Amino acid sequence: MSVTLVLIAIFWGLIAGYLLLRGTDSLLGLLFCVHGLFKRRWKQLADKNATGLIRPRLILKLALRLGCYALMCVFLLEAGDGFLRREYRFHYGELAGVLFALAAGSVILSRLLTSWRRMKLVWRMTHEFDFAERRERTRLLKS
């Protein structure tokens, strides 16, 4: 196994691990958005004068952003895998696969806490009344 292939396995593992984690948490955030929309709809059907409902425009904007990010991660993973298989004849067997898995696993483990915080933030934005609005107002005031 050449040094080039070892370096490719490590660097591709680092990139693929990050893209896999971000794609997964984007899809999970998208599910949170769908759940928030359904929860809002059920409250509205149960009580026409329900107060404390989150505006669906904010949830849909967040869902669109997360969906685009998830699609981008999946596209980059597929394109990178195809490029490495075609140009460098990279296979996930033997030492290259182990190095790839170790690099990807290390990135995933190192970024897991950040991903968890991001998921809690998405949950609060889609399920906690006035949280997203206050966050948006603060962002507008700072800029």
Check your understanding: Would you say Glu87 is open to solvent by 80 Å² or more (accessible area, probe 1.4 Å) and in contact (Cβ under 8 Å) with a residue 40 or more places away in the chain?
Key -> no
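Tell me whether the stretch 108-115 contains one or more residues that are farther than 15 Å from Arg22 by Cβ and in contact (Cβ under 8 Å) with a residue 60 or more places away in the chain.
no
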Check your understanding: Which of the residues belonging to the stretch 24-78 are modelled with pLDDT of 90 or more, among the aromatic types (Phe, Trp, Tyr) and loosely packed, with under 14 Cβ neighbours inside 10 Å?
Key -> Phe75
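For every residue, the table says whether it meets (1) in contact with a Cys (Cβ under 8 Å, 6 or more places away or on another chain); (2) assigned to a helix (DSSP H, G or I); (3) closer than 20 Å to Lys120 by Cβ.
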{"residue": "Ile8", "(1), (2), (3)": "no, yes, no"}
{"residue": "Trp12", "(1), (2), (3)": "no, yes, no"}
{"residue": "Ile15", "(1), (2), (3)": "no, yes, no"}
{"residue": "Ala63", "(1), (2), (3)": "yes, yes, yes"}
{"residue": "Ala70", "(1), (2), (3)": "no, yes, yes"}
{"residue": "Leu77", "(1), (2), (3)": "no, yes, no"}
{"residue": "Gly82", "(1), (2), (3)": "no, yes, no"}
Review point. Mind checking which residues of the stretch 90-107 are outside any helix (DSSP H, G or I) and more than 15 Å from Ala16 (Cβ to Cβ)?
Key: Gly93
Check your understanding: Which ones in the stretch 132-143 are in a helix (DSSP H, G or I) and either small (Gly, Ala, Ser) or touching a Ser or Thr at 6+ places or on another chain (Cβ under 9 Å) (or both)?
Key -> Ala132
Review point. Which ones in the stretch 1-23 are modelled with pLDDT under 95 and open to solvent by less than 20 Å² (accessible area, probe 1.4 Å)?
Key: Ala9
Check your understanding: Which numbered condition trips up Phe129, out of (1) more than 30 Å from Val3 (Cα to Cα); (2) outside any helix (DSSP H, G or I); (3) open to solvent by less than 100 Å² (accessible area, probe 1.4 Å)?
Key -> (3)
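The values are calculated or read from the model by the stated rules, or taken from the named source; none is laboratory data. As the structure is a computational prediction, the values presented were derived from the model and not from experiment. Cβ atoms come from the backbone with ideal geometry, glycine included; neighbour counts cover every protein chain shown. For the accessible areas, the whole protein counts, side chains as well, though only heavy atoms, and no ligand, DNA or RNA atoms are used. Shrake-Rupley method; radii C 1.70, N 1.55, O 1.52, S 1.80 Å.
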